[in-house]
């Protein structure tokens, strides 16, 4: 990497020319699956997360970080390229798994941008002897890549191959939740969001989720201990975040806050102030842009994310998310939010809010859909909880997130909020045009049929597994 490239990165992060003489940082992404802001450092009193709470004290906690989609493959496709999944044809969940589709010309993964800059790229599956777990090394992108996307999958190679860009992917908060071996969360102690009924099944499910959060915390602590033990902590920027929101009945798969809002903690000793908290809007594609800037890689002009560390970087004014086909359920939803208001556009309002699909219908996997349907049929849900079963949706929704963080009170038809509605509507129109959103292009029926056959085979295997 040239001295000019390092100087550009130094200016972006507000550290002046002297930073060009410093060694380039190692960069570690620790990614949790399907997780919300359910950590002690985010104010969850029942969570047992001492390692993540410490990480937050040693760095900066972000309260308004979001994935670009409420499901992993679309969100991860955006994260790994730094471009919205809707702009690169990766917006449908589990798509292009069998048709050999590559990224469009000019679009690269972050690994392919970092490798020429001298970075070793790693997706860790194997840890040193004595670490009592492995990682699955999840990628889950809606495109295929030529060759090996990463240089290694072994932690033991990182120290000798600095600078490195490494990912550690933890599965724990993805269903099925495993109860803790000891000190299990008491279902009576959990706090439920108002869109879920206070029911023993819901409480038990949430308690097991928090148990899984605790397991995730312990594994994160092991990784952080490895950094310390091997002398890597001081020159490693750690980004800890979720790939999409938690998997409750109105979280993952849906365009509401709980589907896309994720925890984000960054620790970079001496460069990111400890004990700091940020309220700024951050998209996970901004994590991609920030990583490239840290590495001294000039940002390509087609990148949609923007660096967000450093005093000279202007904050985001608007944040965008998208929901498209998920398995066999069709939909197209786009959202934009600012500091206070969130606008949702339902391009197919004739579809119901809740759409069932086979993957989530195993009660052993997720007991909530069957329970919610039964309670709805029996009249056991209040108005806020029953909204998900409405047979259709309005074309536009508007929520005041400061006063209604769970998006229960739609303001789109109120005259006093007309200005916010029209402003966010215009911003979404601009974003759709500027990013060349492909959501309006019909999916190739032959390709979709091919993908659904593969999906149905996977679901059959799951069905057989749950019957055993």
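Observations
- Between residue 99 and residue 445, the contour length at 0.36 nm per residue exceeds the alpha carbon distance by 123.3 nm.
- Most tightly packed first, judged by the mean number of other beta-carbon atoms within 10 Å of their residues, the peptides 203-211, 422-430 read 203-211, 422-430.
- For the peptides 304-311, 455-462, 246-253, the ranking by mean Cβ contacts within 10 Å, running from highest to lowest, is 246-253, 304-311, 455-462.
- Shown is the FRET efficiency for residue 361 and residue 454, computed with R0 = 22 Å from the Cβ-Cβ distance and rounded to the nearest 0.05: 0.75.
- Compared with the dominant Cα axis of the chain, that is its longest principal axis, helix 418-434 is turned about 60°.
- In the calculated pair-distance distribution of the chain, the portion above 45 angstrom amounts to 8 percent of the Cα-Cα pairs.
- Counting neighbouring Cβ atoms within 10 Å and putting the fewest first, the residues 441, 31, 265 line up as 441, 31, 265.
- For segment 333-467: rounded, prolate or oblate by the Cα gyration tensor [a/c cutoff 1.5]: oblate
- The Cα center of segment 374-401 and the Cα center of segment 223-262 differ in position by 30 Å.
- By DSSP, the beta bridges lying fully in the chain are antiparallel in about 50 percent of cases.
- Sequence-distant contacts, meaning Cα pairs under 8 Å at least 6 residues apart, place the relative contact order of the chain at 23 percent.
- Computing FRET efficiency as 1/(1 + (r/R0)^6) for residue 182 and residue 277, where r is the C-beta to C-beta distance and R0 is 35 Å, gives about 0.65.
- Degrees between helix 72-81 axis and first principal axis of the chain (Cα, 0 to 90, nearest 10): 30
- Distance between the pseudo-spin-label points of residue 189 and residue 159 (7 Å out from Cα toward the beta carbon): 3.8 nm.
- The chain: angle of helix 445-467 to the longest principal axis, Cα-based, in degrees nearest 10: 80
- Segment residue 234-residue 392, extension gain: residue separation times 0.36 nm, minus the distance between their alpha carbons: 51.6 nm
- By other beta-carbon atoms within 10 Å, ranking 288, 321 with the fewest at the front produces 288, 321.
- Rounded to 0.05, the FRET efficiency of the residue 373 and residue 348 pair, given R0 = 22 Å and the Cβ-Cβ distance, is 0.50.
Values in this text are rule-based calculations from the coordinates and carry no lab data. These figures come from a predicted structure and were not determined experimentally. Glycine also receives a Cβ, built like all others from the backbone with ideal geometry; neighbour counts cover every protein chain displayed.
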